[in-house]
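Step one of this worksheet: look at the structure below.
The values are calculated or read from the model by the stated rules, or taken from the named source; none is laboratory data. Because the structure is a prediction, the values reported are computed rather than measured. Don't worry about glycine lacking a Cβ; one is built from the backbone with ideal geometry, like all the others, and counts go over all protein chains shown. The protein model used for the area step is the full one, side chains on, heavy atoms only, and it has no ligands, DNA or RNA in it. Shrake-Rupley method; radii C 1.70, N 1.55, O 1.52, S 1.80 Å.
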Amino acid sequence: MMRRVGRQYRSWTLVLFGLVFRLAQIGAQEQPSALYQTENFNTEVIFRQSVCDLHDQYDAGNTSLENALEGLELRVVVGTNQYFQLTNGTIDKNYPGLTVRILDELAGRAKFTWRNSFAVSTFVPEDNKTWTELLKWTTDTYDVSATWWAQSVDRLALGVSYPEGWYDASIIMVSKKNSDISKFDPWSWLDPFASGVWIMIGVTIVFSGLVYWFLERIDHKSDKRSLHNSPLESIFLAGIVFTSHFLFHPRTHAARLFSLSLAFWALLTGAAYTANLASFLVVQNSPKISISSVDAAVKMNVKICIYESTQSDEAFTKAYPLYTNIIRKPVEEEIFLGVASGECTVALTTVSSWRFWERNVDANDNCHMDWIGRIFMFVSAGFATTSDSGTLCTSLIRDVLNFHFGKMKEEGVLELLWEDHLKRTATIDCQYDTLSAGGEDSTSQLDLSNMGGIFIFHFALSILALIVALIRKVYDERKKRDVTLDDDPSKMDGRFSNEVVEREDSNEWSEDGSVEEAEDAHTYAAMKQDLCRLTSQQKKQTNTVEEMNKNISTVVQMLNERKQTRSSDAVFFDE
């Protein structure tokens, strides 16, 4: 009976504690606690609390390691970075960041709280301090320093302790993509020109063919061939000109002017295409520099960008103390911008850091960078505490966190949190990117700002050719109207004579004193009459000659018949 009552009491106690814990989570504040907020490197305050009582409970076997921190309000300092963002001083309720999600997962598993007792730090070394010094100060001041701290022997020697890591701080190199694999691209021949230029080339070919056809319509003598009824053939011949084959045969000034403009346009456009195509082929097939390791990069004396004072910087400097071709950046993003701009050949970073920045459009625009070579150093990173097993017993916190981190890693929870974080924070998707290595950064397409001038020049000369053709047509029609003779000479003579008489009656010539003009007019009229008379005589003579030819043909036919008759009689008498 007493055992049953004891079990029921413990059950109700657990239920009650669970409710209290959930209420504490619901009522947890979303802002840093002012009680635990202080400036960096302030050694006058220590917020780290004693957990020796909990440690004694664990040593006595009254609780398991899994639940050793149950009910504890953990005092945590969190670094503001890409894994933890405050919006107006408050944790974002939609997505607080990877660090917050990991802390919440740990709190739920170990049954402690942290949201009512956390502080925020920029985690940026100040006053010539190093990252290691900042790490040491945070672990001495708070129960847990919650960011990604890379593990190293030097830091362990200072008394810094690490639970299982959630961040892969292995040091790698990142550089512009450098692939020698040739990919089949059926449209690569279009690369030298931008799409706008290709569209203008098509428009120009059609326009030029129609202009030449219109010139032929205006004057059928514009080309040796008859093209005035076949605009499609003119367009085809204009397209052939683009391939440096000129098949037009212009005969008029307008057609020749237009042909010159078309040929000059085709010459410049074809030359620009050929030159830029050769440039693309040279760039894409040029030998690439291959850097397989950090040691190879050092031997090649390439410029290396490093995040200043970080574990990567310390590890590289320790391995290559005499290497000077280093560019140290105070902000992590700047090492990738340095590679993008050509300031550095490679950037030294970490695996997890690259997983984040690879998907960031500001750092990896156009997905032009990639991880190259082998890992320089395998390093794990994660939260940090101080190594204290006697004074404040902080080592218990490390052991409990280490247990739950191991379980989360074993269950795949950490990787799921990572993938979700990368998906939420990505601003560019490089998974399906097909950008060829180093391709589009080193050469560029020719667009209308480069090629527009030759199109305008050709269009202007085409319009000028049309104007010349129209002027020529009007001039020829007027000249033909002035000099054409009527079929009936008497009508022409009468009309001209009447015109002369009217001008004489109106005294038009005598009033302005144009006596010579009047005499020339009479002479011109007389010459026209003589011409008509000669034309009539010529027609009569032509008719006479035709009649004589007919008579001669008749006589010749009669002579041939008589000759055949005589030949027949001679044959008869011989027999």
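For the reader, a short list of remarks on this structure follows.
- Looking at 327, 372, just one residue is crowded, with 18+ Cβ neighbours inside 10 Å, out of contact with any Phe, Trp or Tyr (no Cβ under 9 Å at 6 or more places or on another chain) and among the β-branched types (Val, Ile, Thr), and that residue is 372.
- Residue within segment 178-194 that is open to solvent by less than 10 Å² (accessible area, probe 1.4 Å) and not charged (D, E, K, R) present: yes
- Only one of the numbered conditions (1) open to solvent by less than 50 Å² (accessible area, probe 1.4 Å); (2) at pLDDT below 90; (3) touching a helix residue (DSSP H, G or I) at 6+ places or on another chain (Cβ under 9 Å) is not met by residue 25, and that is (1).
- Odd one out for residue 116 among (1) surrounded by fewer than 20 Cβ atoms within 10 Å (Cβ to Cβ); (2) under 43 Å from the mean Cα position of the chain (by Cα): (2)
- Residue that is modelled with the highest pLDDT, among those in segment 431-485 that are outside any helix (DSSP H, G or I) and surrounded by fewer than 11 Cβ atoms within 10 Å (Cβ to Cβ): 431
- Residue among 370, 362, 295, 313 that alone is without any contact (Cβ under 8 Å) to a residue 40 or more places away in the chain and either assigned to a loop (DSSP other than H, G, I, E, B) or under 18 Å from residue 168 (Cα atoms) (or both): 313
- Flag if residue 410 is within 17 Å of residue 337 (Cβ to Cβ), open to solvent by 20 Å² or more (accessible area, probe 1.4 Å) and among the charged types (D, E, K, R): no
- Residue in segment 245-258 that is in contact with a Lys or Arg (Cβ under 6 Å, 6 or more places away or on another chain), within 27 Å of residue 272 (Cα to Cα) and modelled with pLDDT of 85 or more present: yes
- Any hit, segment 139-148, residues being open to solvent by 20 Å² or more (accessible area, probe 1.4 Å), over 16 Å from residue 77 (Cβ atoms) and either at pLDDT 95 or above or not in a loop (DSSP other than H, G, I, E, B) (or both): no
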